There are 2 protein chains.
Amino acid sequence: MKIALAQLNYHVGNFESNTNKIIQHIREAKQNGADLVVFAELCVCGYPARDFLEFTEFINLCDEAAKTIAAECRDIACIIGLPTPNNKPEGKDLNNSAYFIADGEVKAIVNKALLPNYDIFDEYRYFEPSTSFNCIDFKGKRIALTICEDLWNTIENPLYITRPMDTLIQQNPDVMINIAASPFAYNHDDERIAILKDNASRYNLPLFYVNHVGAQTELIFDGGSLVFDNGGNLVDELPYFKEAITSYTLGDDAAISFEHESTVRVQKQSDIEQIHQGLILGIKDYFYKSGFKQAILGLSGGIDSAVVCALAAEALGPENVMAVLLPSRFSSDHSIKDAEDLVKNLGCKSEIVRIAKITEAFEESLSPQFKGLPFNIAEENIQSRSRAVVLMAMCNKFGYILLNTSNKSEAAVGYGTLYGDMCGGISVIGDVFKTQVFELAREINKDREIIPENTIVKPPSAELRPDQKDTDSLPEYDILDAILFEYILNRRSSAEIIKLGFEEAVVRKVLRLVNIAEHKRYQTPPILRVSPKAFGMGRRMPIVGKYLS
Amino acid sequence: MKIALAQLNYHVGNFESNTNKIIQHIREAKQNGADLVVFAELCVCGYPARDFLEFTEFINLCDEAAKTIAAECRDIACIIGLPTPNNKPEGKDLNNSAYFIADGEVKAIVNKALLPNYDIFDEYRYFEPSTSFNCIDFKGKRIALTICEDLWNTIENPLYITRPMDTLIQQNPDVMINIAASPFAYNHDDERIAILKDNASRYNLPLFYVNHVGAQTELIFDGGSLVFDNGGNLVDELPYFKEAITSYTLGDDAAISFEHESTVRVQKQSDIEQIHQGLILGIKDYFYKSGFKQAILGLSGGIDSAVVCALAAEALGPENVMAVLLPSRFSSDHSIKDAEDLVKNLGCKSEIVRIAKITEAFEESLSPQFKGLPFNIAEENIQSRSRAVVLMAMCNKFGYILLNTSNKSEAAVGYGTLYGDMCGGISVIGDVFKTQVFELAREINKDREIIPENTIVKPPSAELRPDQKDTDSLPEYDILDAILFEYILNRRSSAEIIKLGFEEAVVRKVLRLVNIAEHKRYQTPPILRVSPKAFGMGRRMPIVGKYLS
């Protein structure tokens, strides 16, 4: 049996585009002699469709799309994922289903049993878990078909004790197929391989795994679909961060053969390389799927906006990136020069809009209210907010989307101005700690100096008052990021973090800053997720909560 | 047996305050001769504690608080709610538990079985559902204790077929007690009474139901705890929107007697009266629980900001409300006069900051980029954003929290400026349709004219260009709100809404506006929830999704 794996970039709710793409790849697989082509979990509607799933019309459109796809399946079978109505007398309205389609009709339906409902996942919000499991017979092979989390288990770390495969294995299947929607995080490829490897060897079966690729707002899917033999050996790995279709022949002895060269771990990338690729895809898809082409951002001369500008130029083309220099009376000469050097290196568009007259107008208009009071955070924030108003006016006038340039360390401790530098349509590096931003800058400069060296080596500053440095109010970034990592990713308490060797006063201050900044993060743009715990839909904290604040 | 019901206002994560409040009411109940005092679901940590629940330290603090509370329970028993570790070998880390405490120790633990995971609820994110059910024997009575959703069922509309009470009833209990965290929506009191009434009569048992009261950021809890006899008759109803403790004697014949006057439906309020009370509580608790006292808002002379100003003055005291008039060159004279009249009627503080010089500074600074291009939405939004910068500068200087004044109709169709009038710490009327805002204004003016009549009767306008009216770009509000209601609350498709008799072009336009404004709503403040479907945590839509846009 020849099996094709189609790792594609879908668009949530865009039935026309998703259906066309699926049909086109069914045809391609057929031409290539495949007996079966496998698409990803919920590929018909895209993932995550979120509360679109609560609209009956949306579910009807999924059904119609499936019918259109089924009509294409002559002389080839396919597996697609879609939400379907749950016909049981109680429970959630839907199932997270896989259709096995052959001879133009749905031959078998498999429903997902293990529904992730942690971090960014909300599957219990919509779906009823399956409780019955049956293999599918096709061309002399018995297929154990499961959906994503249904295989999310290792012997060493059993998240679930009740496993669909433990029932399916009793029916003597010849092969496992798993369709997934497994979002990217820089450590996720290794975890995925380990878990699926464990399944292949535990059940002594070949395993074909098909993932999504492409970004849906903040969630990036990295592809990296996988093929294991029945010894648990990884025999092939599809590309990361791009679409692909590949074919495999499954022999009678469970042997897997294929004509292309295996790419197993050939593509293995460092964390920072993966983050780099993920962010490029995230930016690209955000613009493409929103129907926009042109990005704008404020360029300060600092490292954060420089990195975002370079990423945007790579993702969208420099001709589609407008960098705006917005110097105030506190901006240093080197900042303007560093920003100008970057623009030159990238070849993107740029403008300079000086904000001194604007901030003066605010201060003058507010002088009856502010009279006699010293310059403080109010005036600092006026600068940041004036820049945002200028950038948004240019968005409104010319149709740009503003890129947010805050990093994760700043977003964590609230070191940013709401409605100022925290604005934007999408936050590009809001899940990248400041220490990682430096690494990313080096990664971007790998082949040639794009980001000026001076931007990388100078001490970070918001430049909102004379001689300001980030370290005036924050610990050094290596300390700060280490504490933030323990708190946000490992969810350790202050006592536990102090025990790791950090200074008590610093730990308490940092955790307090994180907790009192929830109200700010609530109003920030969606953040491209590259880590296992990003701010946004995967981290849901109370705002008026008192714990630790 | 004498049972006291304590309907209290907790604060998420504030163990000191919650524990003290619980202990104080245990003492009060004991002095009053009660045998048992019942507190609400998850009262120890507050509801919803959201991802605080993922911190081991947080769960330990709940355990410590429970021990402190248990030590108070001598000569009185109590029921409290808290999260507890799940000791089963698989599943979620926690249970949503109730402790039955007597003689200073935990005598019985009941875990919640039916975990809501729809709308604003995320209980499957944290909790493992219970599968075993046991009554509690105390002072000759057998108690069937359940938690909130465990009774959320009627015979006519069975959401769940597997019901904890169907098991518990086989153990012949004498009484049902249900502890809940059931958030307010203007239609929710009737629904709650109907469902609980149905339970009392179906199981032929008296029923004591204790709810939370008070707001946690966007979620308002209205109290309204209930007592039913075994015939399903509502015999008492605790106050709405305030704390209370009341006592009942449960006789041997299941008869319920009490010394105070029954308030059953005495307090029955109209939807708009409930919304009014709910919003007052929502504002009050947002400020109190955040540790702030003073609110600021921009007063345009229009009805939305007038209503928010009046509500804030009622909630916080007029001396704690700063209303800022921010006229531009397009502001009409009547707007300024209407705003000034309101300030006079309320007795709140006010300032006037003219923004003409500020918007001129923006336009001048941007003139090289904008040269030759006509005045459009870019310049309109500069006005709105300049106002936001002024208001936020005053927040930063004086420690105010900015109140957002957008209504639900505007928020729905994106008729508002991101980082402009969409700013604020909390959105007061973001779940109130414009047609309801008019009703609310009449309700506020019930006893005397607070909101100037002219503010209510003049045609709504954003006043961002000469002679602008809302109806230039939107349908009349009664049509708009009716369509929005069908789409947002009833989740009907455009085809279904058109079938109801609305004009096709209007329906398509409105739905499209709603869908393309997701990116704006994503960045708005938390919205006080008063309806069954509010924007925010209870409505989770894709941003780059294509469906209907």
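The values are calculated or read from the model by the stated rules, or taken from the named source; none is laboratory data. Everything numeric in this text was worked out from a predicted model, so none of it was measured. Every residue, glycine among them, receives a Cβ derived from its backbone with ideal geometry; neighbour counts consider all protein chains shown.
Descriptive notes on the structure:
- Flag for residue A:316 being touching a helix residue (DSSP H, G or I) at 6+ places or on another chain (Cβ under 7 Å), more than 12 Å from every other protein chain (Cβ to nearest Cβ), within 30 Å of residue A:275 (Cα to Cα) and modelled with pLDDT of 95 or more: yes
- Across region A:317-331, not a single residue is classified as assigned to a helix (DSSP H, G or I) and within 25 Å of residue A:416 (Cβ to Cβ).
- Identity of the residue in region B:355-364, surrounded by 20 or more Cβ atoms within 10 Å (Cβ to Cβ) and of a type outside the set (A, V, I, L, M), that ends up farthest from the other protein chains (Cβ to nearest Cβ): B:359
- Check on residue B:367, more than 16 Å from residue B:275 (Cα to Cα) and surrounded by fewer than 20 Cβ atoms within 10 Å (Cβ to Cβ): yes
- Qualifying residues in region B:10-69 (those that are aromatic (Phe, Trp, Tyr) and assigned to a helix (DSSP H, G or I)) - the one surrounded by the fewest Cβ atoms within 10 Å (Cβ to Cβ): B:15
- Within region B:4-20, considering residues that are within 13 Å of chain A (Cβ to nearest Cβ) and either at pLDDT below 95 or in contact with a His (Cβ under 9 Å, 6 or more places away or on another chain) (or both), the one farthest from residue B:212 (Cα to Cα): B:17
- Taken over region A:371-383, the criterion of being surrounded by fewer than 20 Cβ atoms within 10 Å (Cβ to Cβ) and either at the interface with chain B (Cβ under 7 Å from one of its Cβ atoms) or without any contact (Cβ under 8 Å) to a residue 24 or more places away in the chain (or both) is satisfied by A:371, A:372, A:373, A:374, A:376, A:377.
- In the set (1) of a type in the set (Asp, Glu); (2) surrounded by fewer than 21 Cβ atoms within 10 Å (Cβ to Cβ); (3) in contact (Cβ under 8 Å) with a residue 24 or more places away in the chain, residue B:90 fails one condition alone, (3).
- Residues satisfying the stated conditions in region B:257-293, i.e. within 14 Å of chain A (Cβ to nearest Cβ) and of a type outside the set (D, E, K, R): B:281, B:282, B:283, B:286, B:287, B:288, B:290, B:291, B:292
- Selected residue (criterion: surrounded by the most Cβ atoms within 10 Å (Cβ to Cβ)) from residues of region B:505-549 that are at the interface with another protein chain (Cβ under 9 Å from one of its Cβ atoms) and of a type in the set (A, V, I, L, M, F, W, C): B:544
- Scan of region A:486-539 for residues that are over 28 Å from the mean Cα position of the chain (by Cα) and either of a type outside the set (A, V, I, L, M, F, W, C) or on the phi > 0 side of the Ramachandran plot (or both), ordered by number: A:494, A:496, A:499, A:501, A:503, A:504, A:508, A:509
- Any chance residue B:118 is part of a loop (DSSP other than H, G, I, E, B), away from every other protein chain (no Cβ under 14 Å), within 29 Å of the chain's Cα centre (by Cα) and closer than 22 Å to residue A:54 by Cβ: no
- Against the conditions (1) over 25 Å from residue A:530 (Cβ atoms); (2) surrounded by fewer than 19 Cβ atoms within 10 Å (Cβ to Cβ), residue A:208 satisfies every one except (2).
- Hits in region B:233-276 (condition: closer than 24 Å to residue B:444 by Cβ and in contact with a Ser or Thr (Cβ under 8 Å, 6 or more places away or on another chain)): B:239
- Matching residues, region A:446-494, being at pLDDT 95 or above and of a type in the set (Gly, Ala, Ser): A:482
- Candidates are the residues of region A:225-243 that are within 19 Å of the chain's Cα centre (by Cα) and of a type in the set (A, V, I, L, M, F, W, C); the one that is nearest to residue A:214 (Cα to Cα) is A:241.
- Number of positions in region A:491-537 that are out of contact with any Leu (no Cβ under 9 Å at 6 or more places or on another chain) and small (Gly, Ala, Ser): 5
- Search result, residues across region B:139-163 that are away from every other protein chain (no Cβ under 14 Å) and surrounded by 21 or more Cβ atoms within 10 Å (Cβ to Cβ): B:143, B:144, B:145, B:146, B:147, B:148, B:150, B:151
- Members of region B:501-533 found to be aromatic (Phe, Trp, Tyr) and not in a helix (DSSP H, G or I), listed by number: B:502
- Within region B:56-92, the set of residues being within 14 Å of another protein chain (Cβ to nearest Cβ), at negative phi and among the small types (Gly, Ala, Ser) comprises B:65 only.
- All of (1) surrounded by fewer than 24 Cβ atoms within 10 Å (Cβ to Cβ); (2) over 20 Å from the mean Cα position of the chain (by Cα); (3) more than 13 Å from residue A:451 (Cβ to Cβ) hold for residue A:302 with one exception: (3).
- Options B:386, B:406: the member that is more than 9 Å from chain A (Cβ to nearest Cβ), crowded, with 24+ Cβ neighbours inside 10 Å and touching a residue at least 24 places away in the same chain (Cβ under 8 Å): B:406
- Tally of residues being under 15 Å from residue A:87 (Cβ atoms), in contact with a Lys or Arg (Cβ under 9 Å, 6 or more places away or on another chain) and surrounded by fewer than 21 Cβ atoms within 10 Å (Cβ to Cβ) across region A:107-127: 0
- Residues within region B:469-501 that are more than 14 Å from chain A (Cβ to nearest Cβ) and exposed (fewer than 15 other Cβ atoms within 10 Å of the Cβ), tallied: 8
- Condition check for residue B:217: hydroxyl-bearing (Ser, Thr, Tyr) and touching a residue at least 60 places away in the same chain (Cβ under 8 Å): yes
- The strands (runs of 3 or more DSSP E) found wholly in region B:209-279 and carrying at least 3 residues that are out of contact with any Leu (no Cβ under 6 Å at 6 or more places or on another chain) occupy B:213-216, B:219-222, B:234-237, B:244-250.
- Any hit, region A:117-137, residues being charged (D, E, K, R), in contact (Cβ under 8 Å) with a residue 40 or more places away in the chain, assigned by TED's automatic domain parsing to the domain that holds residue A:77 and farther than 28 Å from residue A:489 by Cβ: yes
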